[in-house]
Amino acid sequence: MIIDDKMQSKIRSVLRDIVSRVPGIEASAVISRDGLSTAAILGDHVDADQLSAMCAALLGLSDTTANELQLGRLKQVLLHGKDGLLLLVHIGKTHVLAVSAAPKINLGLCLIESKKSAKVLSLMFTP
């Protein structure tokens, strides 16, 4: 799928919205399953291409693990560290929403709003 400037602008709008709507979310990005950055709202210290590649690798390993353990189709990945968290939520079959948040975020709110944003984004990727 080719992402033109108009679609990229719409995606960025959704990304900006989740960052402003949920206290504690610091960055968001849409990444293709093969590791390419589609659109991102990131801090200055984060390289979008490097983040995309790492998230794709994490998703690949997570998919393999979910299959091995017969957990069914992977829905999301949560990486929770001492200084924050990374949440990856599938957007259809080709893309993923990555959300980075502060350590004291309301995790339930983060999960709910990330799923809502992923649903909105999935409509943009549906032909």
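Rule-based calculations on the coordinates, nothing more; no lab input. All figures in this text were calculated on a predicted structure; none of them were measured in a lab. So basically every Cβ, Gly included, is an ideal-geometry build from the backbone, and we count neighbours across all protein chains shown.
The lysine pair tally for region 5-124, using Cα distances under 27 Å and a gap of 8 or more places or different chains, is 23. In terms of the mean number of neighbouring beta-carbon atoms within 10 Å, the peptides 91-97, 110-116 order highest first as 91-97, 110-116.
Please identify the DSSP H helices in the chain that span no less than 18 Å along the helix axis (Cα) and have a mean Kyte-Doolittle hydropathy of 0.5 or more. Helices meeting the span and hydropathy rule in the chain are 107-124. Computed from label points 7 Å out along Cα-Cβ, the spacing between ALA53 and SER9 is 3.1 nm. Other residues with beta-carbon under 12 Å from the beta-carbon of VAL14 carry, at +1 per Lys or Arg and -1 per Asp or Glu, a net charge of +4. Ellipticity at 222 nm from helices only: DSSP H runs of n ≥ 4 in the chain, each -39500 (n - 2.57), divided by the residue count, give -15000 deg cm²/dmol. What is the distance in Å between the Cα centres of region 75-95 and region 31-59? Distance between centres, Cα-based: 12 Å.
Database remark: amide H of GLY84 closer than 5 angstrom to no amide H (H placed geometrically; neighbours at sequence offset of 5 or more, or on other chains; Pro and chain starts carry no H). If you run the Gaussian network model on the chain, springs between alpha carbon atoms under 10 Å, then out of ASP83, ASP49, ASP34 the most flexible one is ASP83. If the chain linking GLU68 and ILE112 were pulled fully straight, counting 0.36 nm for each residue of separation and taking away their Cα-Cα distance, it would gain 13.1 nm. Under the criterion of Cα pairs below 8 Å and six or more residues apart, the relative contact order for the chain equals 26 percent.
Using only side-chain charges placed at the Cβ, +1 for Lys and Arg and -1 for Asp and Glu, the dipole size of the chain relative to its Cα centre rounds to 540 debye.
Taking a ≥ b ≥ c as the square roots of the eigenvalues of the alpha-carbon gyration tensor, region 67-123 is classed oblate because a/c is 1.5 or more while a/b is no larger than b/c.
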